[in-house]
1. Identify the residue in the range 153-184 that is free of Cβ contacts under 8 Å to residues at least 40 places away in the same chain and assigned to a helix (DSSP H, G or I) and, among all such residues, is farthest from the chain's Cα centre (by Cα).
2. Quick test of your reading of the structure: residue 186 fulfils all but one of (1) farther than 18 Å from residue 91 by Cα; (2) crowded, with 17+ Cβ neighbours inside 10 Å; (3) modelled with pLDDT of 75 or more. Name the failing condition by number.
3. Could you check how many residues of the range 127-152 are more than 23 Å from residue 205 (Cα to Cα) and either in a helix (DSSP H, G or I) or modelled with pLDDT of 95 or more (or both)?
Amino acid sequence: MSSSLWKQLDAVGMALGVTGLILFNFAFSQAPVVSWTTPYTYFTLIIGAIFIGALWYERSAEYPLIPISAMSPTANFVLLGCTGAGWACFGIWVYYTIQLLESLRGWSPLPAAVALAPAPITGLMASLLANFLMSRVKPHWVMLISMCAFFIGSLLLATAPVSQSYWLNIFLGILIMPFVSLSRSHFPRPPGPGSSSPGMDCQLTIS
């Protein structure tokens, strides 16, 4: 019974995936602090990549955590590729928005946090829009809207002068960026335990 349970949970896949992602994320989080010239940063990155690459064994697992063989090229490219790149862009946008407000414009942490207050409102609007579009628009159009939100929000931040009013680029970007959540609303997920892989992809790329 115990052996059967571990097989169904794909314990080997979990160990390889979690270890690889921890090392991979640690390397990219630590590199800006100590630089890539520090040996342990690129060493942990290489080891993490080896663990993640070992997940290829999943093709032969009886109950794969990530059903690679069952995932189409479209699912790999759209669910993991485009979505991951988009949410990585979102993580960068959040970081540099706060940096712009605090480091360059001299805001204290509390006003900088309050500046993001419009986001939950437009986030709710994005959720309602996703529900409305669910049965009316094909998934690729919803993904296009989401990718445009990633791009426009990042462009507004990148072109915001330091001396500019909050109510222009930054405010508009905060209104637009919550619509990136549409990228997670339409596409079919892999079957079984692998259904969590798009969410894992998003959280990892944001960090």
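The values are calculated or read from the model by the stated rules, or taken from the named source; none is laboratory data. In this text, all values refer to a predicted model and were calculated from it rather than measured experimentally. As a convention, Cβ positions derive from the backbone with ideal geometry for all residues, glycine included, and neighbour counts pool all protein chains shown.
1. Applying the first criterion (free of Cβ contacts under 8 Å to residues at least 40 places away in the same chain) to the range 153-184 yields 155-156, 158-159, 161, 163-165, 167-169, 172.
Remaining after also requiring assigned to a helix (DSSP H, G or I): 155-156, 158, 169, 172.
Working: 155: 18, 156: 20, 158: 20, 169: 23, 172: 21 Å.
So the residue we want is 169.
2. Looking at each condition in turn, residue 186 falls short on (3).
3. Quick first cut of the range 127-152, residues more than 23 Å from residue 205 (Cα to Cα) only: 128-129, 131-138.
Next, only the ones that are either in a helix (DSSP H, G or I) or modelled with pLDDT of 95 or more (or both) stay: 128-129, 131-133.
Looking only at that region, the number is 5.
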